[in-house]
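All remarks here apply to the structure that follows.
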Ligand SMILES: Nc1ncnc2c1ncn2[C@@H]1O[C@H](COP(=O)(O)OP(=O)(O)OP(=O)(O)O)[C@@H](O)[C@H]1O
Ligand SMILES: [Mg+2]
């Protein structure tokens, strides 16, 4: 019997589901490689910490960008190491992988994703839209003819879909998610505070004191950076309202995306969506006030999924156990 594995290679996190263990791995999508020996020096959290700080002979990478494989060799290396994880290798040899990929991924990227997984050690691979898996993992009735709507907002990509009868009726992928919000924080602090901070600090600020709605104030936080004029080290206290102001214009793209998808569906399905509302998943679903901001902008009732970060991987698990939930055929291709 084939050993089935679900794989969500996200921009920030890679997650693996197995038949015996459920979600057995959650690991930052990062790897550090020795440029001389080409050996893997660090994986996951350890490699993420090394980003931008490595000595000359070591290169730290994030091989997935905006939901797609951008560094093929590194991504394959990373997967091979992850598949070697005890909980996975002890129970199977060369797994059969169900991989989540962005909606309407083009053939070149589809092939790159497939080859990465083969290089990682898989025997066969099938791809399914991540946003559909997110809906299945969030507990939506994906095979029912009743229309339901999901927004999966991760680190590099946000996907919005209306789902009915095991298929996607309309969907939109937007390259606006956690990282773009962090870039907005970086630009804002540089312009308004003359403060230059790095990606990790920007994310820390957004996660710790950020909010998407005026009614939520999360205080302030002291951060270290560099003065944009003098170049000297600088410590400043940043306020929750500033982070909200920084990210609000970027969030508009998400609201527009939700409205655009609703415009693309037949009236009966739209009416189901207005009745049952929008499900919010992905890491950014944790952002305080996001559900309210979407509700105010679109008029939809918004529910945050339970355990939003794991919706895609849990959905892959559900689809492995109940492949009939996905109306299209799951085509497993052999290496
Ligand atoms: N508590 C939190 N508050 C705000 N943002 C959060 C929180 N927890 C995680 N995030 C954000 O969620 C994002 C990661 O989400 P997720 O793990 O769903 O992404 P991914 O699947 O790796 O990426 P993608 O699906 O875009 O390829 C990061 O930008 C992170 O900052
Ligand atoms: Mg994701």
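The values are calculated or read from the model by the stated rules, or taken from the named source; none is laboratory data. Remember, predicted model here, so these are calculated numbers, not experimental data. Because the Cβ atoms are built from the backbone with ideal geometry, glycine has one as well, and the counts that use them run over all protein chains shown.
Okay, residues lined up against (1) away from ligand 2 (no atom under 15 Å from the Cβ); (2) outside the structural domain of residue 256 (by TED's automatic domain parsing); (3) farther than 30 Å from residue 323 by Cα:
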site: 159; (1), (2), (3): no, no, no
site: 168; (1), (2), (3): yes, no, no
site: 182; (1), (2), (3): yes, yes, yes
site: 210; (1), (2), (3): yes, yes, yes
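Here residue 282 clears all of (1) within 19 Å of residue 164 (Cα to Cα); (2) touching a residue at least 40 places away in the same chain (Cβ under 8 Å); (3) in contact with a strand residue (DSSP E or B) (Cβ under 7 Å, 6 or more places away or on another chain) except the condition numbered (1).
Here is a yes/no grid of residues against (1) part of a strand (DSSP E or B); (2) touching a helix residue (DSSP H, G or I) at 6+ places or on another chain (Cβ under 6 Å); (3) buried (at least 20 other Cβ atoms within 10 Å of the Cβ):
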site	(1), (2), (3)
149	yes, yes, yes
159	yes, yes, yes
201	no, no, yes
217	no, yes, no
234	yes, no, no
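Looking for something touching a strand residue (DSSP E or B) at 6+ places or on another chain (Cβ under 6 Å), within 29 Å of residue 179 (Cβ to Cβ) and outside the structural domain of residue 26 (by TED's automatic domain parsing) - is there at least one such residue anywhere in region 266-274? Yes, region 266-274 contains at least one residue that is touching a strand residue (DSSP E or B) at 6+ places or on another chain (Cβ under 6 Å), within 29 Å of residue 179 (Cβ to Cβ) and outside the structural domain of residue 26 (by TED's automatic domain parsing).
Screening the candidates 300, 262, 251, 319 for the property of being in contact (Cβ under 8 Å) with a residue 24 or more places away in the chain and assigned to a loop (DSSP other than H, G, I, E, B) yields one hit, 300. Can you report the number of residues in region 269-304 which are surrounded by fewer than 23 Cβ atoms within 10 Å (Cβ to Cβ) and within 15 Å of ligand 2 (Cβ to nearest atom)? Within region 269-304, residues that are surrounded by fewer than 23 Cβ atoms within 10 Å (Cβ to Cβ) and within 15 Å of ligand 2 (Cβ to nearest atom) number 2. Being over 19 Å from residue 286 (Cβ atoms), assigned to a helix (DSSP H, G or I) and either at pLDDT 95 or above or not assigned by TED's automatic domain parsing to the domain that holds residue 302 (or both) is a property that residue 189 has. Quick test for you: out of 135, 113, pick the one residue that is within 16 Å of ligand 2 (Cβ to nearest atom), within 30 Å of residue 269 (Cα to Cα) and within 16 Å of the chain's Cα centre (by Cα). Residue meeting the stated conditions: 135. Scoring residue 84 on the criteria (1) farther than 19 Å from residue 333 by Cα; (2) in contact with a strand residue (DSSP E or B) (Cβ under 7 Å, 6 or more places away or on another chain) leaves a single failure, condition (2).
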